[in-house]
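Here's the structure we're looking at; comments come further down.
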Amino acid sequence: MAIDRLIEAIERKKNPTVLGLDPRPDHIPPSVTEKHTAKHGQTLKALQGAYKEYVFTLMDALRDLVPAVKFQSACYEALGPGGMEVMRQGVLWARNLGLFVIIDGKRGDIGSTSEAYSAAFLGRTQAGDALLPVFDADALTVNPYLGSDNLTPFLKDCETYDKMVFVLVKTSNKSSVEVQELTAGDRPLYRVVAEQVSRAGRHLAGQYGYLKTGIVAGATQPAALRQLRKDHPELFFLVPGYGEQGGKAEDLAPAFDRHGRGALVNNSRGICRAWKKSGTADYADAARKAAARMRDELKKAILL
């Protein structure tokens, strides 16, 4: 099952880090951008080429260190159809490297629209008699706030095609409290949503006891992480907010179980932009060093 493959990949590399591939023009070294601008001018095509070179180089450089990558769909959508093609090719390349692939799309809508989202990112699209994969990621982030008919198509494809979803529950942005901590009955809303996610995915458990329905729970909310892990030992956490957003390794320990399992910690800027802080032109080497430091910090904090 997908959740078991993810857990086993983390344990092989002894590293619960997911590499966030969230490129923006100012993240990419000038040498890469200038090469593509010289060929295509100041165009979207030049940026698409620069993004592809940058992202593929990072995946190649970190393939032995990290078990998973996460593509932030918005960054690729900003470059138009060609940018989405870069992401599609990136997903294929990541899978070729043996990496677990998450697309951070935060999709969710009425049932029929969710069916289309799920077909695009997790399932298959009908073309005559054929069912064809499009992005074919291992997992997708999903927004739950349209209710159960929003989630149902994603869960169906998780079962049919052996995929996962990570449902937004307690995110790392400061203003999340405005909605996610509203009182719903006798609990904050984020705990109610987590319970619904668990209930919806209770039939999708893997051999380690975790469900294919995971949740997004931010590193900047250690008290919430502790509460959610206490409430739901069966839910796997995707944890954003580490590093530049303020989350520290020691804050993340409550997200993990006693075996050092249960969470995947995202780092985008801290790894991919490490070349800026180090002052080196070798962005791949700078990223490797940053990823290794993060791995060691997490291992120490969670005794992996």
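The values are calculated or read from the model by the stated rules, or taken from the named source; none is laboratory data. Just so you know, these numbers come straight off a predicted model, no measurement behind them. Note that we place each Cβ from the backbone using ideal geometry, even for glycine, and neighbour counts take in every protein chain shown. Please note that ligands, DNA and RNA were not included when accessible areas were found on the heavy atoms of the full protein model with its side chains. Shrake-Rupley method; radii C 1.70, N 1.55, O 1.52, S 1.80 Å.
Contact map, segment 265-286: residues that are more than 26 Å from Asp251 (Cβ to Cβ) paired with residues that are of a type in the set (S, T, N, Q), Cβ distance under 8 Å, separation 6+ or inter-chain. Pairs shown: Ala281/Ser31; Tyr283/Thr57; Ala284/Thr57. Looking only at residues in segment 251-282 that are modelled with pLDDT under 95 and on the phi > 0 side of the Ramachandran plot, the one that is farthest from the chain's Cα centre (by Cα) is Gly279.
When each of Val55, Val134, Val66 is tested for being closer than 27 Å to Ala291 by Cβ and either out of contact with any Gly (no Cβ under 7 Å at 6 or more places or on another chain) or among the aromatic types (Phe, Trp, Tyr) (or both), the lone residue that passes is Val66. Scanning segment 274-304 for residues that are assigned to a helix (DSSP H, G or I) and among the hydroxyl-bearing types (Ser, Thr, Tyr), we see that the one that is surrounded by the most Cβ atoms within 10 Å (Cβ to Cβ) is Tyr283.
Tally the residues that are open to solvent by 50 Å² or more (accessible area, probe 1.4 Å) and either of a type in the set (Val, Ile, Thr) or touching a helix residue (DSSP H, G or I) at 6+ places or on another chain (Cβ under 6 Å) (or both), restricting the search to segment 1-43. Steps first, please.
In the first step, residues of segment 1-43 are kept if they are open to solvent by 50 Å² or more (accessible area, probe 1.4 Å); the result is 1, 5, 8, 11-14, 24-26, 30-31, 34-35, 38-40, 42-43.
Cutting the leftovers down to either of a type in the set (Val, Ile, Thr) or touching a helix residue (DSSP H, G or I) at 6+ places or on another chain (Cβ under 6 Å) (or both) gives us 40, 43.
Residues flagged as open to solvent by 50 Å² or more (accessible area, probe 1.4 Å) and either of a type in the set (Val, Ile, Thr) or touching a helix residue (DSSP H, G or I) at 6+ places or on another chain (Cβ under 6 Å) (or both) within segment 1-43 amount to 2.
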